[in-house]
Amino acid sequence: MDALALLRLQIEWGADEALADAPIDRLAAPPPDAVPPRVRALPMARPAPGAVAGPPVVARAREIADAARTRDELRAALEAFDGCPLKATATNLVFADGDPDSGLMLVGEGPGAEEDRAGLPFVGPSGQFLDRMLASIGLDRGKYLITNVIPWRPPGNRNPTDNEVLICLPFLLRHIALVRPRRLVLLGAMAARSVTGSSDGIRRMRGRWLQVAIPGLDAPIPALPTLHPAYLLRTPGAKRDAWADLLLLRRSLDDDAAGRDVKDAR
């Protein structure tokens, strides 16, 4: 996107005034004595599998997912898995798209009609808007990994049930553990609640990094809940909040890059 297109997008999102007296170089390395931003720790509090779904199918999903040692094995396991009724009505498995080695993983909710036909996440109107969102802070979606909590389209684009989420969740958590991203972006309330285990609404959760424990990983991963692109298309007034979240993501990625550069220089 050229500078004028970016300016128009920022004005459309409500970024129509300066918040500092002078421009801030977001690409500059932080000073050596800079204090890292505080990250709120959030304990893992996902509901017990047997609380909503019957234990056998959830336990089987977890066993199958945990047995995967690579992303290819995980995808093959999902293609062979018959425990989720959504598979019977979907056209394609929607597994993931992008670069698994990028360090950034974006997690959406579930595929729509366009995603179901293409077998790729975020290719419909909300995906095109997500592309614009990322481009507004200088990111190319092809360079990051994008997936969903639910890998099969619910009929009629309805919301997935609690059972369906619990059945599919072990595969997502295993995907995260295999990729080992440095950052997660959780797009929408369902993705945020599923991954963090919190029951808070997305408006309460967004705007700050949360530390999320993932089974199979030794340390928690910083996760940024934010508003889903489909919600922003329906609710333009919420774009200001989404813009603030994007700036938070951009600063965090820049800080990570600066820290790696300093480490490499040593």
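Read-outs throughout are calculated quantities, based only on the coordinates presented, and are distinct from any laboratory measurement. Remember, predicted model here, so these are calculated numbers, not experimental data. Cβ atoms come from the backbone with ideal geometry, glycine included; neighbour counts cover every protein chain shown.
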For an R0 of 30 angstrom, estimate the FRET efficiency from the Cβ-Cβ distance between Thr235 and Asp101 and round to the nearest 0.05. 0.30
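Tell me, in nm to one decimal, what length is gained between Glu79 and Ala244 on full extension, where the rule is 0.36 nm per residue of separation less the Cα-Cα distance?
55.6 nm
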Roughly speaking, what is the stretch gain from Ala67 to Glu114, that is 0.36 nm per residue apart minus the C-alpha to C-alpha distance, in nm to one decimal? 13.8 nm
Which cross-chain or sequence-distant (5 or more) residues have an amide H under 5 Å from the amide H of Leu106, H modelled 1.01 Å from N in plane? Leu145, Ile146, Thr147, Val185
For the peptides 126-135, 68-77, 181-190, 209-218, what is the packing order when you average, over each peptide's residues, the other Cβ atoms within 10 Å and list the highest mean first? 181-190, 126-135, 209-218, 68-77
Please give the length that would be gained between Ala5 and Thr91 if that part of the chain were fully extended, namely 0.36 nm times their separation in residues minus their C-alpha to C-alpha distance (nm, one decimal). 27.3 nm
